Amino acid sequence: MAVAKSPAAVAPKRPVLSVSARKIKDNTADWHNLMMKWETLNNNGFTIANKIVNLKIGTQFKDNKLEIECDNIASDCGKLSPDYNEELEMFCAELLGTLENMAKIQLKMEKLCSATKGICDLETYHYENGDCLTPLFHTWPTTYFYEVSFKLTEMYKKELRLKQTIVQEIAHTADQDLMMVYLSSWLYQPYIENSNKLLLESMLLETGHRQV
């Protein structure tokens, strides 16, 4: 005679994540998406900045040639062409637009960090009231998610400030060496440490987005 399986004999379902764990997991996915979008914008911004520098260097070469050819002739000789001004203005507007989009991403990162801090504060409150503080996922204490989020947020905040300076200055400097410094700084992002990808991957592994 077949015996009906008791509820205890049924294979257990995967544990349902707590509200805090679900929020942390969602935040980690958001971190991944925002960092990928930032890299895309960074590459786009470098392409635009490179066009600005090439335009300025090419114009400087033409200006030097003009000075030799029409020295002491007409005062119009040294004037920049309307096409140059329009092209430079267009590239500067594109670079500014890219910077504004990067600023929006950095603001979202700040919000993710604040949300994680709120979860940590809630966990601390429950722990102080006698509840057992256990990891939300595998091994990380909740505070470590905030520490990682804070480190990443600070990197991108400093990098955004650098990029704001580059956007303000790159079209106005005539020093070619300084232009190259601006270009290199934009591309290689000195304030974003190499550890940023490791920190992200560690969060993805801990929350189950990545499999070991």
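Is it true that some residue in the range 141-150 is outside any helix (DSSP H, G or I) and closer than 30 Å to residue 210 by Cα? So far as the range 141-150 goes, yes, one or more of its residues are outside any helix (DSSP H, G or I) and closer than 30 Å to residue 210 by Cα. Looking at 159, 110 in this structure, which one is in contact (Cβ under 8 Å) with a residue 24 or more places away in the chain, open to solvent by less than 20 Å² (accessible area, probe 1.4 Å) and not basic (Lys, Arg)? The match here is 159. Kindly establish whether residue 191 is open to solvent by 40 Å² or more (accessible area, probe 1.4 Å) and aromatic (Phe, Trp, Tyr). Spelling it out, residue 191 is indeed open to solvent by 40 Å² or more (accessible area, probe 1.4 Å) and aromatic (Phe, Trp, Tyr).
Residue 206 falls short on exactly one of the conditions (1) among the acidic types (Asp, Glu); (2) under 23 Å from residue 52 (Cβ atoms); (3) open to solvent by less than 40 Å² (accessible area, probe 1.4 Å); (4) modelled with pLDDT under 95, and that condition is (2). In a residue-by-residue description of the range 65-73, the property of being modelled with pLDDT under 95, in a helix (DSSP H, G or I) and surrounded by 11 or more Cβ atoms within 10 Å (Cβ to Cβ) applies to at least one position.
The values are calculated or read from the model by the stated rules, or taken from the named source; none is laboratory data. In this text, all values refer to a predicted model and were calculated from it rather than measured experimentally. Note that we place each Cβ from the backbone using ideal geometry, even for glycine, and neighbour counts take in every protein chain shown. Ligands, DNA and RNA are excluded from the accessible area calculation, which covers all protein heavy atoms including side chains. Shrake-Rupley method; radii C 1.70, N 1.55, O 1.52, S 1.80 Å.
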